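Accompanying notes for the structure given below.
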Amino acid sequence: MDTHIPERIADFVYDGEMDCELINVESEHSALSAAIGASATGVRTFTATASQGLALMHEIVFIASGLRLPIVMAVANRALSAPINIWNDQQDSISERDAGWIQLYVESAQEALDTTIMAFRIAEDRKVLTPVMVCLDGFTLSHVFEPVDIPSDKAVDSFLPSFKPFYKLDPKNPITVGPIGLPNSYMEFKQQQNDAIAKSLTVIRKTNEEWSKRFKRSYGNGLIELYQMKDAEYAVVGMGTLCSTAREVVDNLRKEGKRVGMIKVKAYRPFPEEDILDAVKNLKAIAVLDRNISLGHNGALHTDIKAALKPNNNLIVNNFIMGLGGRDITPEMIAKAINKTIESKQEVREWLGN
């Protein structure tokens with residue numbers, strides 16, 4: 001899944017279309033380690049992974065964010081074993097949600113391309129200096145053929161100027177990178193990371209606005225995207241490609257006279273709490289579709305939305321687990337989730353498999 005991405009980059013490099021150094025490594029653990037070394041020397045750095053590969057990176061994922069290196073990594077979302085499964089769900093990146101990376105989930109190939117470019121600008125912002133995962137559904141997007149508008153080099157260079165690192169490894173100006181964090185300082189480092197990710201909310205919005213002005217495409221406000229929400233009484237909430245199917249379902253239910261809308265969560269970390277609270281303030285109930293499961297509890301997106309709601313909020317928040325291990329998410333399944341939510345008198349959690 002992710003191999004298509006570095007393979008295509010390799011084609012660009014060897015055909016002379018991209019001026020960069022391609023590092024061949026023996027594992028995903030080594031891939032992110034090499035990316036850390038490259039980024040620390042002050043060069044713009046990109047890599048890609050998926051599923052077990054991301055799991056193998058786990059140790060290094062925390063190091064990359066802790067060192068505040070603005071690496072961008074594509075994650076072609078796929079299930080984690082066991083049993084052995086190579087198909088799509090979002091369990092791999094969701095499992096890294098607490099690793100200190102910004103996570104942006106995309107719906108189309110065009111959005112994947114645009115978001116990857118924007119991700120560098122977000123990650124490299126002096127107020128942020130945090131790595132970014134661009135999460136795209138495996139197979140559904142990693143193997144899709146669809147028309148994509150590729151901006152010119154000149155246009156991208158204008159939007160994304162040359163990288164000027166805030167600090168870098170340089171023998172002429174020695175610095176210490178990754179020293180020991182004793183108990184009297186470790187928490188302060190983590191607080192700085194948390195503050196930087198919180199500040200990225202504004203940076204993501206501004207980056208999306210600037211992208212819209214220059215390229216005439218935008219994705220909501222960069223954090224969430226609303227569809228048919230102006231007069232909605234109920235909404236379906238999700239991330240990634242399932243939102244494309246949900247749009248059609250919403251349109252069909254509208255024809256039946258049901259006032260339904262959709263909330264697409266693009267930025268999962270930082271979690272856009274205030275934007276979501278504003279979007280649901282006039283709703284009676286929502287159906288949260290999770291393509292992941294925190295075993296022994298609920299879907300991760302549902303958990304975060306529930307945590308964001310005020311204690312006295314009467315909004316019914318139903319959770320539907322679906323699409324695990326590549327199971328198709330059909331219009332009928334999404335319609336079932338929405339209709340059950342419209343009929344709900346109390347909150348429910350359900351696994352929808354067919």
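At a glance:
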| item | result |
| --- | --- |
| Expected-Rg normalisation [2.2 N^0.38 Å, Cα atoms] applied to the stretch 156-294 | 1.43 |
| Distance-filtered residues of the stretch 105-127 - backbone nitrogen under 14 Å, label point 7 angstrom along residue 86 Cα→Cβ | none |
| Inter-probe distance in nm under a simple model that places probes 7 Å from Cα toward Cβ, at residue 152 and residue 34 | 3.4 nm |
| Degrees separating the helix 4-14 axis from the principal Cα axis of the chain, which is the longest one | 30 degrees |
| Descending semi-axes in whole angstrom, ellipsoid equivalent of the stretch 36-153, from the Cα gyration tensor | 22, 20, 10 |
| For the stretch 249-305, the Rg and Dmax computed from alpha carbons only, in angstrom | 13.1, 38 |
| Of all DSSP beta bridges in the chain, antiparallel share, percent nearest 5 | 15 percent |
| Inter-site label distance for residue 180 and residue 52 at 7 Å from Cα along Cβ, in nm | 3.7 nm |
| Longest to shortest principal axis, alpha-carbon extents of the stretch 159-232, angstrom | 55, 33, 11 |
| Cα convex hull volume per residue for the stretch 106-227 (Å³) | 162 Å³ |
| Exposed GluC sites (Glu not before Pro) absent - longest run of the chain, DSSP non-H/G/I/E/B, at most 16 other C-beta within 10 Å | 27-232 |
| Distance histogram in 10 Å bins (all Cα pairs of the stretch 4-215, percent per bin) | 8, 33, 39, 17, 3, 0 |
| Isotropic mean projected area of the C-alpha convex hull, the chain (nm²) | 19.6 nm² |
| Difference of contour (0.36 nm per residue) and Cα-Cα distance, residue 214 to residue 258 | 12.2 nm |
| Calculated FRET efficiency for the pair residue 328/residue 248, C-beta based, R₀ 22 Å, to 0.05 | 0.95 |
| Least to most buried among 349, 121, 78 (fewest other Cβ within 10 Å first) | 349, 121, 78 |
| Per-residue ³J(HN,Hα) for the stretch 264-271, Karplus 6.51 cos²θ - 1.76 cosθ + 1.60, θ = phi - 60°, Hz, x for Gly and Pro | 9, 8, 8, 8, 8, 9, x, 7 |
| Kirkwood Rh (inverse of mean 1/r, distinct Cα pairs), the stretch 224-352, angstrom | 14.4 Å |
| Subset of 206/310; 310/345; 216/281; 199/284; 306/340; 206/284 violating a 25 Å alpha-carbon distance limit | 206/310; 216/281; 199/284; 206/284 |
| Exposure proxy ranking, count of Cβ atoms within 10 Å, fewest first, for 334, 84, 122, 197 | 84, 197, 122, 334 |
| Likely footprinting exposure, 345, 213, fewest C-beta neighbours within 10 Å first | 345, 213 |
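Quick note: the coordinates plus some simple rules give every number you see, no bench work behind them. Note that the coordinates shown come from a computational prediction; the quantities given were computed from them, not determined experimentally. Neighbour counts are summed over all protein chains in view; Cβ atoms, including those assigned to glycine, are modelled from backbone coordinates with ideal geometry.
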